[in-house]
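What follows is one structure encoded as structure tokens, with my remarks underneath.
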Amino acid sequence: MNAPLLEPSPEGLRCARGSFHVDPWGAAATAVITHVHGDHLVPGSARYVCAAPSLPFLRKRLGPEVAAEGIPYGERFRLGEVTVSFHPSGHVLGAAQIRLEAG
């Protein structure tokens with residue numbers, strides 16, 4: 001049986017099969033961000049991936065040189081063994097629900 005897609009870790013919710021964390025509490029190799037409020041976006045990760053409307057806000061908070069990319073809502077992309085997509089959540093501008101698909 002495959003490992004669960006998300007599991008708790010010291011850095012936050014970890015997706016081992018995709019080699020990323022969702023809204024990590026500390027530094028992660030790849031941080032997949034639901035929205036840019038301070039309790040969801042923290043500095044220190046090597047790479048950030050967010051919904052495209054959040055990207056300007058992420059860069060405003062973390063600086064223009066941060067390694068970050070904004071993905072359009074609904075566009076599917078791969079991280080490791082996992083297909084990821086962002087979908088509007090209605091919380092704040094750019095906020096997203098994250099769909100994870102594997103197996």
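The values are calculated or read from the model by the stated rules, or taken from the named source; none is laboratory data. Note that this is a predicted model, so its numbers are computed, not measured. As a convention, Cβ positions derive from the backbone with ideal geometry for all residues, glycine included, and neighbour counts pool all protein chains shown.
Where residues in the range 72-95 are within 20 Å of Val42 (Cβ to Cβ) and modelled with pLDDT of 95 or more, which of them is surrounded by the most Cβ atoms within 10 Å (Cβ to Cβ)? Before you say what the answer is, go through the steps one by one.
Looking only at the range 72-95, we keep the residues that are within 20 Å of Val42 (Cβ to Cβ), and these are 79, 84, 86, 89, 91-95.
Cutting the leftovers down to modelled with pLDDT of 95 or more gives us 79, 84, 86.
Details: Leu79: 17, Val84: 22, Phe86: 28.
It comes out as Phe86.
What are the residues in the range 47-56 that are crowded, with 18+ Cβ neighbours inside 10 Å and not small (Gly, Ala, Ser), if any?
Matches in the range 47-56: Tyr48, Val49, Cys50, Pro53, Leu55.
Within the range 57-79, does at least one residue satisfy the condition of being among the acidic types (Asp, Glu) and within 27 Å of Gly103 (Cα to Cα)? Write out each step before concluding.
Taking the range 57-79 first, the residues among the acidic types (Asp, Glu) are 65, 69, 75.
Filter again for within 27 Å of Gly103 (Cα to Cα), leaving 69, 75.
So far as the range 57-79 goes, yes, one or more of its residues are among the acidic types (Asp, Glu) and within 27 Å of Gly103 (Cα to Cα).
Restricting attention to strands (runs of 3 or more DSSP E) lying wholly within the range 1-43, give those where 1 or more residues are surrounded by 14 or more Cβ atoms within 10 Å (Cβ to Cβ) and without any contact (Cβ under 8 Å) to a residue 12 or more places away in the chain. Write out each step before concluding.
Values: elements: 7-9, 12-15, 20-22, 30-32.
Passing ranges, in order: 12-15.
For Ala67, are the conditions met, namely being in contact with a Gly (Cβ under 6 Å, 6 or more places away or on another chain) and loosely packed, with under 14 Cβ neighbours inside 10 Å? If you could, list the steps in order and put the result at the bottom.
Numbers: in contact with a Gly (Cβ under 6 Å, 6 or more places away or on another chain): no; loosely packed, with under 14 Cβ neighbours inside 10 Å: yes.
No; evaluated as a whole, the condition is false for this residue.
For the range 92-103, which residues satisfy the criterion of being in a loop (DSSP other than H, G, I, E, B) and touching a Phe, Trp or Tyr at 6+ places or on another chain (Cβ under 8 Å)?
Step one: of the range 92-103, the residues in a loop (DSSP other than H, G, I, E, B) are 92-95, 102-103.
Hits for the range 92-103 are Leu93, Gly94.
Taking the range 60-91 on its own, how many of its residues are in contact (Cβ under 8 Å) with a residue 24 or more places away in the chain, part of a loop (DSSP other than H, G, I, E, B) and either among the small types (Gly, Ala, Ser) or touching a helix residue (DSSP H, G or I) at 6+ places or on another chain (Cβ under 9 Å) (or both)?
Number of matching residues: 2.
Scan (1) hydrophobic (A, V, I, L, M, F, W, C); (2) out of contact with any Gly (no Cβ under 7 Å at 6 or more places or on another chain); (3) outside any strand (DSSP E or B) for the single condition Phe57 breaks and write down its number.
Against the list (1) hydrophobic (A, V, I, L, M, F, W, C); (2) out of contact with any Gly (no Cβ under 7 Å at 6 or more places or on another chain); (3) outside any strand (DSSP E or B), Phe57 comes up short only on (2).
So which residues in the range 44-54 are outside any loop (DSSP other than H, G, I, E, B), within 22 Å of Leu6 (Cβ to Cβ) and of a type in the set (A, V, I, L, M), if there are any at all?
Step one: filter the range 44-54 for residues outside any loop (DSSP other than H, G, I, E, B), giving 47-54.
Right, trim to within 22 Å of Leu6 (Cβ to Cβ) and you get 47-51, 54.
Hits for the range 44-54 are Val49, Ala51.
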